[in-house]
Amino acid sequence: MPKILKFTQFSLRDFLVAAGPAALAIAVTCLLAYWLVDPAPPSQVTLSTGQENSAYEAFGKKYAAALERFHVHVALKPSQGSQENLARLHDPESGVDIAFVQSGSSELEDAEQKGLVSLGSLFTEPVWLFLRDAKSITKLTQLRGMRINVGPEGSGVPALFRKLLSVNGVEPSELRLGALENTPATVELLAGRIDGLVFSSAPDAPLIQMLLQTPGIKLFDFALAEAYTRRFPFLSHVVLPRGIVDLGRDLPRKDYHLIAPTATLVARADLHPAVVDLFVQAAVDIHGGAGWFHRKGDFPTASYTEIPVSRAAQRFYKEGPPLLRRYLPFWLANFFERMWVVVVALGALILPLSRIIPPLYVWKVRSRVYRWYGQLRAVEQAIEDVPRERQADVYPAQLKRLNDIEDRVNRISIPLSFADELYGLRSHINFVRRRVTGLMRAEQ
């Protein structure tokens, strides 16, 4: 029978057997670290906006379009306004992740304890009081007895307007306050069925733009705006400049003083930092330009917010977008940013395993040689333990057994670095064969 020695430079099979369990442990640990310690950002979030034709609705569509470029779908959920948005954020069953909220809301006082954070202030929301043919009305006290729509309770405007009436010594019961939504209230005002309506919105809202240019509809001038801001710190004094609506027609024909809370993005504290970065980046793109009431770069900002700004948003305002996201697609940049978790897990495992796997590999290769020494010892034991009268029958059988062992040993595949041990085994087989042959000759 031909005897063939099989040598290789490296035994991949033995290495896989030795390193396989360790590699599996590393893979499982890395996956657990990757998915549990810092989960992937969601591919969909829900943004609670506002009423139909409101600034919140218009801006919500812009945010949805901005994040869609990064393959993050923003589901828009209409609402009555700021108060309802805040209530949805407080309710874990609502499914809302982020919402527009107006400053000054009483529920903001305990927002931090309820797990909410701010992503920054976005823009001012002046209080717009539109009246029909009311040139002589210069004070809120003159609204007694009039039909004024302040919107549904969920909008936040009713509570704010009641505060303004209160500091003027006017009880809400002295007016006929309506609770229609903005669009039907505008229809009622234009039809003459109500005397006025109150909005709190950015000037981008279509209804604001229309009413500012409608003949017979007058905007109330808050001449005491600065005094209001001293009584209510969440309000700011802004000026609607003459001609800003339409320079050609000189609309409006004078400066109007207004009081304005700010609109903020409020989110659940567990909203993924990568999604927070996307919303803040979108806020910079959408609100970062010059507007009717602010200069370029004034908004968005971490100021003017009544609850703490999230760490991710603060970092964005201070440093800008993360370095990798300036050059890589969002999902790829986010993947590399999260790889540090995997690196820590790998370091914790690879260092100790690097001392275990090489000896385990050596033992695995050598075991294919060493196990045949047990067979050789069995042959020697067989010829030493048999009685003299049976030795003549045992020697031929053991020689045949040795030949079989040698044939099988010669078929072992082993790396060249361990060839000396294989050759040592073959020499030991020959040594036992010579011993058996010598004993047979001595018996003869």
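Scan segment 405-412 and tell me whether some residue there is at pLDDT 80 or above, in contact with a Phe, Trp or Tyr (Cβ under 7 Å, 6 or more places away or on another chain), under 22 Å from LYS364 (Cβ atoms) and open to solvent by less than 30 Å² (accessible area, probe 1.4 Å). For segment 405-412, residues at pLDDT 80 or above, in contact with a Phe, Trp or Tyr (Cβ under 7 Å, 6 or more places away or on another chain), under 22 Å from LYS364 (Cβ atoms) and open to solvent by less than 30 Å² (accessible area, probe 1.4 Å): present.
Looking only at residues that are among the small types (Gly, Ala, Ser) and modelled with pLDDT of 90 or more in segment 259-301, which one is most open to solvent (accessible area, probe 1.4 Å)? Give the derivation first.
Keep residues of segment 259-301 that are among the small types (Gly, Ala, Ser), which gives 260, 263, 267, 269, 274, 282-283, 288-291, 297.
Filter once more, so that each one left must be modelled with pLDDT of 90 or more: 260, 263, 267, 269, 282-283, 288-289.
Working: ALA260: 0, ALA263: 0, ALA267: 1, ALA269: 64, ALA282: 4, ALA283: 2, GLY288: 15, GLY289: 33 Å².
Looking at residues that are among the small types (Gly, Ala, Ser) and modelled with pLDDT of 90 or more, I get ALA269.
If the condition is being in a loop (DSSP other than H, G, I, E, B) and under 30 Å from GLN113 (Cβ atoms), then segment 299-324 contributes PHE299, PRO300, ALA302, SER303, TYR304, THR305, GLU306, ILE307, PRO308, SER310, PRO322.
Looking only at residues in segment 139-186 that are among the β-branched types (Val, Ile, Thr) and outside any loop (DSSP other than H, G, I, E, B), which one is surrounded by the most Cβ atoms within 10 Å (Cβ to Cβ)?
First, pick out the residues of segment 139-186 that are among the β-branched types (Val, Ile, Thr): 141, 148, 150, 157, 167, 170, 183, 186.
Imposing the further condition that a residue be outside any loop (DSSP other than H, G, I, E, B) reduces the set to 141, 148, 157, 167, 183, 186.
Details: THR141: 12, ILE148: 23, VAL157: 27, VAL167: 13, THR183: 13, THR186: 24.
That would be VAL157.
Count of segment 90-115 residues, restricted to those that are touching a Lys or Arg at 6+ places or on another chain (Cβ under 7 Å) and either more than 21 Å from TYR304 (Cα to Cα) or surrounded by fewer than 23 Cβ atoms within 10 Å (Cβ to Cβ) (or both), is 5. Close Cβ contacts (under 6 Å, 6 or more residues apart or on different chains) running from residues in segment 241-270 that are among the hydroxyl-bearing types (Ser, Thr, Tyr) to residues that are not in a strand (DSSP E or B) comprise TYR256/ASP221; THR262/SER103; THR262/TYR304; THR264/THR305. When restricted to residues that are open to solvent by less than 30 Å² (accessible area, probe 1.4 Å), closer than 14 Å to ALA55 by Cβ and not in a loop (DSSP other than H, G, I, E, B), segment 187-213 contains 5.
Taking residues in segment 63-83 that are closer than 16 Å to TRP331 by Cβ and basic (Lys, Arg), and partners anywhere that are surrounded by 15 or more Cβ atoms within 10 Å (Cβ to Cβ) and modelled with pLDDT under 95, the pairs with Cβ atoms closer than 9 Å and at least 6 places apart or on different chains are ARG69/PHE330.
Residue-wise test of (1) under 25 Å from MET210 (Cβ atoms); (2) touching a Ser or Thr at 6+ places or on another chain (Cβ under 7 Å); (3) assigned to a loop (DSSP other than H, G, I, E, B).
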residue: PHE234; (1), (2), (3): no, yes, yes
residue: LYS254; (1), (2), (3): yes, no, yes
residue: ILE259; (1), (2), (3): yes, yes, no
residue: THR264; (1), (2), (3): no, yes, no
residue: VAL280; (1), (2), (3): no, no, no
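Counting residues in segment 320-334 that are of a type in the set (A, V, I, L, M, F, W, C), open to solvent by 80 Å² or more (accessible area, probe 1.4 Å) and in contact (Cβ under 8 Å) with a residue 24 or more places away in the chain gives one or more.
Go through ALA55, ALA65 for me and flag whichever is open to solvent by 20 Å² or more (accessible area, probe 1.4 Å) and modelled with pLDDT of 70 or more.
Numbers: ALA55 fails: open to solvent by 20 Å² or more (accessible area, probe 1.4 Å).
Sole residue among the options that is open to solvent by 20 Å² or more (accessible area, probe 1.4 Å) and modelled with pLDDT of 70 or more: ALA65.
Would you confirm, using the coordinates I've provided, whether LEU240 is closer than 16 Å to GLY291 by Cβ and touching a strand residue (DSSP E or B) at 6+ places or on another chain (Cβ under 8 Å)? Here the answer is yes, as LEU240 does meet what is asked. Taken together, GLN398, GLN381, GLN444 contain a single residue that is polar (S, T, N, Q), surrounded by fewer than 17 Cβ atoms within 10 Å (Cβ to Cβ) and modelled with pLDDT of 75 or more, which is GLN381.
Any chance segment 19-30 includes a residue that's β-branched (Val, Ile, Thr), open to solvent by less than 60 Å² (accessible area, probe 1.4 Å) and modelled with pLDDT under 90? Within segment 19-30, one or more residues are β-branched (Val, Ile, Thr), open to solvent by less than 60 Å² (accessible area, probe 1.4 Å) and modelled with pLDDT under 90. Checked against (1) touching a residue at least 60 places away in the same chain (Cβ under 8 Å); (2) in contact with a His (Cβ under 8 Å, 6 or more places away or on another chain); (3) of a type in the set (Asp, Glu), ASP204 passes all but condition (2).
The values are calculated or read from the model by the stated rules, or taken from the named source; none is laboratory data. Only a predicted model underlies this, so the values are computations on that prediction, with no experimental measurement involved. Using ideal geometry, Cβ is built from the backbone for each residue, glycine included, and neighbour counts are taken over all protein chains shown. Accessible surface is based on the protein model in full, side chains and every heavy atom, while ligands, DNA and RNA are left aside. Shrake-Rupley method; radii C 1.70, N 1.55, O 1.52, S 1.80 Å.
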